[in-house]
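Read through the structure below, which is laid out as structure tokens, and then see the notes.
The values are calculated or read from the model by the stated rules, or taken from the named source; none is laboratory data. Remember, predicted model here, so these are calculated numbers, not experimental data. Positions of Cβ are generated from backbone atoms using ideal geometry, with glycine treated the same way; all protein chains shown enter the neighbour counts.
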Amino acid sequence: MKALVTGATGFLGKRLALRLAQEGHEVVGLGRNPEAGAWLEARGVRFVAADLGDRSAVAEACRGQEVVFHSGALSSPWGPYPDFYRSNVEGTRHVVEGARQHGIRRFVHVSTPSLYFGTEERLNVSEEEPLAARPVNAYAATKRMAETLVDAAHAEGLPVVTIRPRALFGPGDTTILPRLIRANQRGALPLFGAEGPWVDVTYVDNVVDALLLCESAPDHVLGKKYNITNGDTVRMRALLEKLFAALDAPMRFRPMRYPIAYGLAGALEMAANAFMGGREPLLTRYSVNVLARSQTLDISAARRDLNYNPRISLDEGLAEFVAWWKEAHGAG
């Protein structure tokens with residue numbers, strides 16, 4: 001198989017590109033980080049240093065490919081809207097155009113379940129349920145636009161499968177678990193209620209498995225969207241206790257009430273925009289919702305249609321993450 005992976009120097013894209021190369025496929029990885037690109041080159045991935053906003057470079061990277069895995073995106077809870085739009089909307093448009101121009105046989109798109117969630121609690125959400133009436137942040141808003149572009153391309157003949165993976169973690173993660181570790185190091189972790197909300201997380205290699213299943217699945221999956229998680233919901237407090245026990249680190253909680261935390265986060269956001277040059281504040285309204293609201297997914301469609309079965313358990317994934325973290329950063 002000849003495959004293009006966008007976002008190949010990112011957390012998920014790097015793991016996918018490496019797996020494809022290890023399995024003997026001819027892989028082109030497109031990304032912006034030359035150092036990570038050199039690491040991939042040394043492991044059999046042909047690296048193309050390009051931004052998704054570069055329409056001609058993206059189109060050229062699609063030339064001769066059979067499959068495009070579009071995992072490239074600006075994924076962050078905070079940042080200037082134009083940056084998200086350029087990467088997630090214009091970038092997706094360029095990848096779709098390149099894929100159509102060069103007649104790829106399957107386009108596997110990485111979207112996000114952030115499209116479902118606002119400030120309310122939602123449990124066991126399926127792909128058929130309505131999306132949030134209002135996007136929670138610029139990332140969710142622009143990823144929703146990106147899905148719309150991909151859906152329109154499918155309606156015009158592009159062979160698309162879309163996944164919505166939830167809360168990725170594993171070795172190389174710079175976002176979810178590292179944020180919680182650093183919050184604990186700074187003082188305390190906010191805890192809403194005695195046990196915290198119900199949450200889903202997904203080990204990164206399980207998402208790679210899902211992407212490969214999308215590539216090989218029969219044509220009846222085309223045009224569909226699939227939730228992807230570890231299939232094991234857990235209380236936030238229990239997850240954090242597992243994490244910090246494995247890190248051999250003390251865990252400090254700060255009980256918080258949602259209305260107070262949400263109001264404080266709004267004030268911090270205003271101050272960040274007014275006085276901090278837009279730098280991400282210590283607490284955002286999005287992060288408050290993630291930490292306070294139970295929001296989980298139903299993955300039965302992926303199990304049924306893709307034969308997806310999470311291969312690496314939560315405990316196994318945490319062990320892999322902790323071993324990497326200790327080597328890279330020391331104890332938590």
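Which ones in segment 109-126 are out of contact with any His (no Cβ under 9 Å at 6 or more places or on another chain) and assigned to a strand (DSSP E or B)?
Listed by number, the residues that qualify are ARG122, LEU123, ASN124, VAL125.
Can you tell me which of SER87, SER56 is farther than 25 Å from VAL204 by Cα and not in a loop (DSSP other than H, G, I, E, B)?
Numbers: SER87 fails: farther than 25 Å from VAL204 by Cα.
Result: SER56 is the single residue among SER87, SER56 that is farther than 25 Å from VAL204 by Cα and not in a loop (DSSP other than H, G, I, E, B).
Is there a residue in segment 86-109 that is over 16 Å from ASP151 (Cα atoms), of a type outside the set (Val, Ile, Thr), touching a Lys or Arg at 6+ places or on another chain (Cβ under 7 Å) and modelled with pLDDT of 95 or more? Taking every residue of segment 86-109 in turn, at least one turns out to be over 16 Å from ASP151 (Cα atoms), of a type outside the set (Val, Ile, Thr), touching a Lys or Arg at 6+ places or on another chain (Cβ under 7 Å) and modelled with pLDDT of 95 or more. Scanning for something in a strand (DSSP E or B) and either buried (at least 19 other Cβ atoms within 10 Å of the Cβ) or not basic (Lys, Arg) (or both), does segment 127-144 turn up at least one residue? No, segment 127-144 contains no residue that is in a strand (DSSP E or B) and either buried (at least 19 other Cβ atoms within 10 Å of the Cβ) or not basic (Lys, Arg) (or both).
Regarding LEU123, is this residue in contact with a helix residue (DSSP H, G or I) (Cβ under 6 Å, 6 or more places away or on another chain) and either among the hydrophobic types (A, V, I, L, M, F, W, C) or under 16 Å from ALA50 (Cα atoms) (or both)? Before the answer, list the steps.
Working: in contact with a helix residue (DSSP H, G or I) (Cβ under 6 Å, 6 or more places away or on another chain): no; either among the hydrophobic types (A, V, I, L, M, F, W, C) or under 16 Å from ALA50 (Cα atoms) (or both): yes.
Against the criterion (in contact with a helix residue (DSSP H, G or I) (Cβ under 6 Å, 6 or more places away or on another chain) and either among the hydrophobic types (A, V, I, L, M, F, W, C) or under 16 Å from ALA50 (Cα atoms) (or both)), LEU123 does not qualify.
For first residues located in segment 278-303 and more than 23 Å from LEU191 (Cβ to Cβ) and modelled with pLDDT of 85 or more, partners that are outside any loop (DSSP other than H, G, I, E, B) and hydroxyl-bearing (Ser, Thr, Tyr) and lie 6+ apart or on another chain with Cβ distances below 7 Å form the pairs ALA301/TYR226; ALA302/TYR226.
Could you check segment 147-166 and list, in sequence order, the residues that are among the hydrophobic types (A, V, I, L, M, F, W, C) and either in a loop (DSSP other than H, G, I, E, B) or under 14 Å from the mean Cα position of the chain (by Cα) (or both)?
Going residue by residue through segment 147-166, those that are among the hydrophobic types (A, V, I, L, M, F, W, C) are 149-150, 152-153, 155, 158, 160-161, 163.
LEU158, ILE163, listed by residue number.
Residues in segment 194-232 that are more than 25 Å from TYR258 (Cβ to Cβ), hydrophobic (A, V, I, L, M, F, W, C) and more than 18 Å from the chain's Cα centre (by Cα): ALA217, VAL221, LEU222.
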